Amino acid sequence: MTDSQSLYLEEMSRHIEVLLHASEASLTTNAIKKHLSLSTKELEQALEILRQRLDNGVLSLHETAGGYRLQIADSYSTLIQRVFPQRQERLSQALLETLSVIAYKQPVTRSDIEYVRGVSLSSNILRQLFDKGWIIEDGYKETLGRPALLHTTPQFLDAFGLTHLDELPPMPDLAAI
């Protein structure tokens, strides 16, 4: 790599950093390439330069299903929670159980969730998950009444710092418990 290429990629890494700071949401690779007129190879090299530069700071480059974003390094989470306790959102046990069933068993119907959880599903829980953009209805089950099929969304993956559902922790062996 020539000196002029190195300087160009360093500058592009700074441009990516600026865009990520200014963006309210993750930026996809296609969006970054389009805005900065970069090839795939140039983008990969510039992202690597950015990662290396951020390694010594408080921010890190994080890839999620929605693209790339900057986030505060995990080592500072206790400080943030202590100073800004209101930022920590509490999710109810019922909401987490419902979301878990959808994430691990999707596509599922409302009755599938009720069967797994063993209790009736509150409309309020589903509404919260829809309002957060974590689940969507996509399709219908070919059975009596044609109930809607529920799936997780890229926003769900982003909220939990995942790029793919494969990154979910393995299900515990419930029979052993």
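The values are calculated or read from the model by the stated rules, or taken from the named source; none is laboratory data. Keep in mind that this is a model prediction, so the values were computed, not measured. Positions of Cβ are generated from backbone atoms using ideal geometry, with glycine treated the same way; all protein chains shown enter the neighbour counts. These area figures cover heavy atoms from the full protein model, side chains too; ligands, DNA and RNA do not enter into them. Shrake-Rupley method; radii C 1.70, N 1.55, O 1.52, S 1.80 Å.
For the range 12-26, a tally of residues being farther than 14 Å from residue 43 by Cα and open to solvent by 70 Å² or more (accessible area, probe 1.4 Å) returns 4. Within the range 129-152, being aliphatic (A, V, I, L, M) and either touching a residue at least 40 places away in the same chain (Cβ under 8 Å) or in a strand (DSSP E or B) (or both) holds for 135, 136, 148, 149, 150. Scanning the range 77-87 for residues that are open to solvent by 60 Å² or more (accessible area, probe 1.4 Å) and either within 18 Å of the chain's Cα centre (by Cα) or of a type in the set (A, V, I, L, M) (or both) turns up 79, 83, 87. Is there a residue in the range 27-34 that is in a loop (DSSP other than H, G, I, E, B) and open to solvent by 80 Å² or more (accessible area, probe 1.4 Å)? Looking through the range 27-34, none of the residues is in a loop (DSSP other than H, G, I, E, B) and open to solvent by 80 Å² or more (accessible area, probe 1.4 Å).
Would you point out which residue out of 53, 14 is in contact with an Asp or Glu (Cβ under 9 Å, 6 or more places away or on another chain), charged (D, E, K, R) and more than 21 Å from residue 163 (Cα to Cα)? Please lay out each step first, then the result.
Numbers: 14 fails: in contact with an Asp or Glu (Cβ under 9 Å, 6 or more places away or on another chain).
Being in contact with an Asp or Glu (Cβ under 9 Å, 6 or more places away or on another chain), charged (D, E, K, R) and more than 21 Å from residue 163 (Cα to Cα) holds for just one of 53, 14, which is 53.
Residues of the range 144-173 that are of a type in the set (A, V, I, L, M, F, W, C), modelled with pLDDT of 90 or more and open to solvent by 70 Å² or more (accessible area, probe 1.4 Å): none at all.
For the range 88-143, the set of residues classified as of a type in the set (A, V, I, L, M), open to solvent by 30 Å² or more (accessible area, probe 1.4 Å) and in contact with a Lys or Arg (Cβ under 6 Å, 6 or more places away or on another chain) is empty.
Apart from one condition, residue 9 fits all of (1) surrounded by fewer than 15 Cβ atoms within 10 Å (Cβ to Cβ); (2) of a type in the set (A, V, I, L, M); (3) over 11 Å from residue 68 (Cα atoms); the exception is (1).
Give me the residue from the range 45-76 that is under 20 Å from the mean Cα position of the chain (by Cα) and part of a helix (DSSP H, G or I) and, out of that set, modelled with the lowest pLDDT. Top of the filtered list is 74.
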